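Quick notes on the structure that follows.
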Amino acid sequence: MNKKKEYLAEIFLKVSKHNKIIRNILRLNLGFLKGTYTKLSDEDFQEIEKSYNTDNYIQRAVLVIDNYFSEEELNKLIDFFSSPLGQKISDSSFTTKLEKLIKIMTQEAEKELNAKQKNYIQREKT
C-alpha cells in the first residue's frame, strides 16, 4: 500500500470514528477474556493485553480498507464523514447503540461461558 492511501485510510478511521469503535471492542473483549479465563496468571494476561494493542488492530483495519476501497472512494468517504450528516452518523446514538449492543452480546457470551466453565470444573471434581 502506498503512503498516501495508508494516510487516507487512517484519516477515514478517525473521521468515521471507527478507530474509537475498534478501541472499545478490544476493551470489551479483554474484559470478557479476563472474566472467562480466571485461571490465567497476571503475567499471562499481560501478554494477551500486549497482543490486543489498539495500534496493531488499527493497522490491520488499514490493510482491510486498502483491499476494499480505492483512493477515490476513501476521499469520498472522508468527505462524507467530515460533513454534518456523516458526523451525525458517527457521533450520534447510532454508534453508541452499536457499542452497547456489542457490550450486551459480550456479557451474555461471558455468562454462558462462565456457566460452562463451572459445569466443567464440577464434572472434573466428580
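Its relative contact order, with pairs defined as Cα atoms under 8 Å and 6+ residues apart, puts the chain at 45 percent.
Ordered by the number of other Cβ atoms lying within 10 Å of each residue's own Cβ, fewest first, Leu30, Leu74 fall into the sequence Leu30, Leu74. Counted by neighbouring Cβ atoms within 10 Å, the residues Glu73, Glu110 run from fewest to most as Glu73, Glu110.
Structure shown: which of Lys14/Lys34; Lys4/Lys76; Lys20/Lys116 lie over 20 Å apart, alpha-carbon to alpha-carbon?
Working: Lys14/Lys34 28 Å; Lys4/Lys76 15 Å; Lys20/Lys116 32 Å.
Over 20 Å apart, Cα to Cα: Lys14/Lys34; Lys20/Lys116.
Note on Lys20 and Glu99: their simple-model spin labels are 0.6 nm apart, each label 7 Å out from Cα toward Cβ. In this simple spin-label model, placing a label point 7 Å from the Cα along the Cα-to-Cβ direction at both Gln107 and Glu71 gives a separation of 4.6 nm. Label positions at Asn53 and Asn29, each projected 7 Å from the Cα along the C-beta direction, are separated by 1.5 nm.
Values quoted throughout were computed directly from the atomic coordinates according to the rules given, and no laboratory measurement underlies them. Owing to the predicted nature of the structure, the values given are computational and were not obtained by experimental measurement. Heads up, the Cβs are rebuilt from the backbone with ideal geometry, glycines too, and the neighbour counts pull from every protein chain shown.
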